[in-house]
Amino acid sequence: MFRIGRICIKTAGRDAGNRCVVIDNIDDNYVLIDGQTRRRKCNVKHLEPTNKVVKLGKKASGEAVKRVFKQELNLDINVSAPKQKKKGERLKKQRKKKPMRKKAPEKKKPNEKKADKQEQGKKEQEKSEKNTI
């Protein structure tokens with residue numbers, strides 16, 4: 001029933017009510033369609049076949065489908081063409097910078113405190129000895 005070249009009307013999805021042509025049979029339940037709809041795989045339950053069949057090759061190009069709709073069927077149908085995306089530079093995601101924290105004064109270990117006190121005591125003794133001389 002859904003052989004290549006069969007004109008159908010899409011009954012479900014966002015392309016519902018638009019005409020399409022079967023381009024390829026994928027299996028018993030799915031066919032590849034193109035036309036007023038987007039070129040894609042479609043469930044045969046979502047298609048209503050018409051009595052029109054056109055001559056198309058397997059996996060015909062979009063241009064061939066346009067030609068069939070405009071010339072052979074004499075239908076004024078706007079066949080959708082895929083939109084070309086602009087190639088531009090993609091912005092790289094930047095990491096969020098953490099705010100700089102003020103560094104707290106370093107805590108000294110208990111052993112270091114004793115050593116510092118001893119050094120200070122020695123320095124004071126040396127100063128007092130120099131002052132007395």
Near pairs, Cβ below 9 angstrom, 6+ apart or cross-chain, from segment 20-41 (farther than 17 Å from Lys70 by Cα and of a type in the set (S, T, N, Q)) to any residue that is in a loop (DSSP other than H, G, I, E, B) and modelled with pLDDT under 90: Asn25/Phe2; Asn25/Arg3; Asn25/Lys58
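Every residue, every condition in (1) surrounded by 10 or more Cβ atoms within 10 Å (Cβ to Cβ); (2) modelled with pLDDT of 80 or more; (3) of a type in the set (D, E, K, R); (4) not in a loop (DSSP other than H, G, I, E, B), yes or no:
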| residue | (1), (2), (3), (4) |
| --- | --- |
| Lys86 | no, no, yes, no |
| Asn111 | no, no, no, yes |
| Gln118 | yes, no, no, yes |
| Lys130 | no, no, yes, yes |
Any idea which residue in segment 56-68 is farthest from the chain's Cα centre (by Cα), counting only those that are in a loop (DSSP other than H, G, I, E, B) and surrounded by fewer than 14 Cβ atoms within 10 Å (Cβ to Cβ)? Gly57
Can you name every residue in segment 16-55 that is touching a Gly at 6+ places or on another chain (Cβ under 7 Å) and assigned to a strand (DSSP E or B)? Arg19, Cys20, Val21, Val22, Asp34, Val53
Out of (1) surrounded by 11 or more Cβ atoms within 10 Å (Cβ to Cβ); (2) at pLDDT below 90, the one Leu47 does not meet is (2)
Count of segment 1-55 residues which are farther than 23 Å from Glu72 by Cβ, within 28 Å of the chain's Cα centre (by Cα) and polar (S, T, N, Q): 1
Take the residues in segment 1-12 that are at pLDDT 90 or above and touching a helix residue (DSSP H, G or I) at 6+ places or on another chain (Cβ under 8 Å), then tell me which one is nearest to Lys70 (Cα to Cα). Lys10
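The values are calculated or read from the model by the stated rules, or taken from the named source; none is laboratory data. Being a predicted model, the structure only gives us computed values, none of them experimental. Note: ideal-geometry Cβ built from the backbone for every residue, glycine included; neighbour counts use all protein chains shown.
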